Amino acid sequence: MKTIIEPFRIKSVEPIRMTTAADRDAILQRADFNLFLVHGQDVIIDLLTDSGVTAMSSEQWAGVMRGDESYAGSESFYRLKGVITDLMGFEHFMPTHQGRASERILFDLIGGRNKVIPNNAHFDTTRANVEHTGAEAVNLAIPEASRPRERHPFKGNMNVAALEALIAKVGPERIPLVMVTITNNTSGGQPVSMENLRAVRAVCDRFRIPLFLDACRFAENAWFVRTREPGYADRSPREIVREMFSLADGATISAKKDGLVNIGGLLLIRDPDLFKRASNLLILTEGFVTYGGLAGRDLEAMAQGLIEVVEEDYLGYRIRSTEYLGEKLLSAGISIIEPPGGHAIYIDAAHFASHIPAEHFPGQAVVCGLYRAAGIRSCEIGSVMAGPHMRPSMELVRLALPRRMYTQSHFDYVAEACAEVYAQRKELRGMRIIEAPPVLRHFTARFAEI
Ligand SMILES: *Cc1c(COP(=O)(O)O)cnc(C)c1O
């Protein structure tokens with residue numbers, strides 16, 4: 001069979017409130033054309049993010065009921081520990097409330113003025129936490145990453161030659177660790193190959209620098225390795241995940257992605273001394289070491305999520321869904337970042353709304369156009385998000401796909417809506433900002449149509 005169906009059936013449903021174009025027009029006006037200010041109830045298909053919006057399985061919900069809420073030594077913690085040791089091969093880990101809490105603890109300990117952190121591409125909270133300590137965050141993506149239509153199987157790879165050049169320039173003593181983000185969110189959910197990870201590891205070994213993963217989408221990365229990297233076709237996702245983590249000295253993880261939960265994070269550290277110091281910080285701001293700011297039920301749901309996320313049927317369906325939506329947009333003539341990544345499709349808004357110049361926010365115009373036409377919520381990643389002092393290299397609109405939440409007919413609807421708006425793209429109007437805060441303006445800025 002060519003059709004890859006959703007490998008689950010539905011036991012509990014959440015109604016979608018259908019709105020009319022007239023309703024949505026009024027809603028958009030009230031929200032001053034900022035979709036972050038629209039209520040979830042007023043959205044038909046919500047593709048704002050893939051973070052924390054996963055549908056949990058019946059086993060995860062059963063785990064929620066079983067959760068042990070003991071302050072110290074919760075059974076749910078030990079269940080999670082068993083799963084992590086088995087899947088990732090780490091003895092020492094701590095739960096945190098989400099990925100950025102892990103980042104804050106790690107960079108508090110190893111960052112600081114004069115330090116430099118290389119990454120294939122820092123995610124925005126990672127960069128913010130690095131810079132908050134006074135350290136410098138350096139992105140070392142391969143050149144293909146910034147060419148939207150160039151197909152490369154592992155467009156998330158780190159530029160190893162650039163890493164060596166950076167180490168030669170600043171000196172290994174100023175680099176407390178090298179970080180690799182799998183998959184590379186910033187460049188479009190693009191994977192990193194095992195070969196590249198091994199090459200980065202070899203450089204780290206040469207200079208005795210630890211290697212950490214930002215492993216939010218480790219399972220999606222493993223699936224790409226299996227399907228695209230020579231020698232991995234017969235390996236299970238679990239084996240590939242194990243191999244990926246065997247190359248690392250630690251990892252920060254937002255479990256809101258491949259942990260298949262609505263809240264939670266992890267910090268994995270091999271070095272016992274660094275782990276001890278991190279535990280002390282965890283206790284200071286997150287919670288005791290066996291819960292780290294989460295409830296026992298959250299730990300239980302995460303443990304089960306980490307088991308389900310590496311199932312072959314799940315990953316095959318997950319990556320195919322994203323690719324399916326990408327193919328439909330391409331066949332409608334819409335330009336996207338190619339090839340489609342793991343968790344999102346990125347529309348090239350400069351091409352989609354080519355009559356709108358960057359200073360009139362073509363991405364925001366497309367976001368509003370999709371909402372008005374079909375109640376779809378997407379996210380601008382372009383001149384609005386970059387802020388007034390930066391010129392982004394691309395004007396993008398991200399359609400992020402929540403895990404296990406929507407079916408193929410929902411994606412057909414999204415593709416049809418995108419094609420429809422694209423056919424009438426000349427009607428999209430540019431935007432101007434009427435009010436915005438000085439930083440992170442995309443969350444609260446108010447717009448008017450030109
Ligand atoms: C989401 C994300 C984070 C931050 O995690 P939160 O749970 O949102 O704090 C860090 N890195 C990457 C690559 C992410 O996608």
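The values are calculated or read from the model by the stated rules, or taken from the named source; none is laboratory data. Quantities reported herein were computed from a predicted structural model and do not represent experimental measurements. Don't worry about glycine lacking a Cβ; one is built from the backbone with ideal geometry, like all the others, and counts go over all protein chains shown.
Report the residue count in the stretch 213-244 for those that are of a type in the set (A, V, I, L, M), within 15 Å of the ligand (Cβ to nearest atom) and not in a strand (DSSP E or B).
3
So how many residues does the stretch 146-164 have that are more than 16 Å from the ligand (Cβ to nearest atom) and outside any loop (DSSP other than H, G, I, E, B)?
Residues that pass the stated criteria total 6.
How many residues are assigned to a loop (DSSP other than H, G, I, E, B) and either within 10 Å of the ligand (Cβ to nearest atom) or not basic (K, R) (or both) if we restrict to the stretch 203-212?
The number of residues fulfilling the criteria is 2.
If A202 satisfies all but one of (1) surrounded by fewer than 20 Cβ atoms within 10 Å (Cβ to Cβ); (2) in contact (Cβ under 8 Å) with a residue 12 or more places away in the chain; (3) hydrophobic (A, V, I, L, M, F, W, C), what's the number of the condition it fails?
Only one criterion in (1) surrounded by fewer than 20 Cβ atoms within 10 Å (Cβ to Cβ); (2) in contact (Cβ under 8 Å) with a residue 12 or more places away in the chain; (3) hydrophobic (A, V, I, L, M, F, W, C) is unmet by A202, namely (2).
Under the condition of being closer than 22 Å to E150 by Cα and β-branched (V, I, T), which residue from the stretch 175-199 is surrounded by the fewest Cβ atoms within 10 Å (Cβ to Cβ)?
Of everything passing the filter in the stretch 175-199, T186 is surrounded by the fewest Cβ atoms within 10 Å (Cβ to Cβ).
Among the residues that make up the stretch 183-196, is at least one of them of a type in the set (D, E, K, R), assigned to a helix (DSSP H, G or I), more than 16 Å from the ligand (Cβ to nearest atom) and out of contact with any Gly (no Cβ under 9 Å at 6 or more places or on another chain)?
Yes - at least one qualifying residue is present in the stretch 183-196.
Being without any contact (Cβ under 8 Å) to a residue 24 or more places away in the chain and assigned by TED's automatic domain parsing to the domain that holds F275: is that true of E150 here?
Taking the combined requirement at face value, the residue does not satisfy it.
Check G112 against each of (1) within 28 Å of I381 (Cβ to Cβ); (2) surrounded by fewer than 20 Cβ atoms within 10 Å (Cβ to Cβ); (3) more than 16 Å from the ligand (Cβ to nearest atom) and name the one condition it does not meet.
Failed condition: (1).
Looking at F8, is it closer than 30 Å to E59 by Cα, outside any strand (DSSP E or B) and either in contact (Cβ under 8 Å) with a residue 60 or more places away in the chain or outside the structural domain of E435 (by TED's automatic domain parsing) (or both)?
Yes: the conditions hold for F8.
Return the only residue of R372, R320 being among the charged types (D, E, K, R), assigned by TED's automatic domain parsing to the domain that holds I434 and either part of a loop (DSSP other than H, G, I, E, B) or closer than 19 Å to E427 by Cα (or both).
R372
What's the number of the condition L330 fails, among (1) among the aliphatic types (A, V, I, L, M); (2) free of Cβ contacts under 8 Å to residues at least 12 places away in the same chain; (3) in a loop (DSSP other than H, G, I, E, B)?
(3)
Is there a residue in the stretch 372-385 that is of a type outside the set (A, V, I, L, M), without any contact (Cβ under 8 Å) to a residue 60 or more places away in the chain and closer than 24 Å to P15 by Cα?
No; the residues of the stretch 372-385 include none that is of a type outside the set (A, V, I, L, M), without any contact (Cβ under 8 Å) to a residue 60 or more places away in the chain and closer than 24 Å to P15 by Cα.
For the subset of the stretch 246-255 comprising residues that are surrounded by 20 or more Cβ atoms within 10 Å (Cβ to Cβ) and not in a loop (DSSP other than H, G, I, E, B), which member is farthest from the ligand (Cβ to nearest atom)?
It comes out as G250.
With respect to A135, is the statement that it is surrounded by fewer than 18 Cβ atoms within 10 Å (Cβ to Cβ) and either touching a residue at least 60 places away in the same chain (Cβ under 8 Å) or not charged (D, E, K, R) (or both) true?
In short, no.
Which of the numbered conditions does V138 fail, given that it passes all the others? Conditions: (1) farther than 20 Å from A301 by Cβ; (2) within 12 Å of the ligand (Cβ to nearest atom); (3) of a type in the set (A, V, I, L, M).
For V138, the exception is condition (2).
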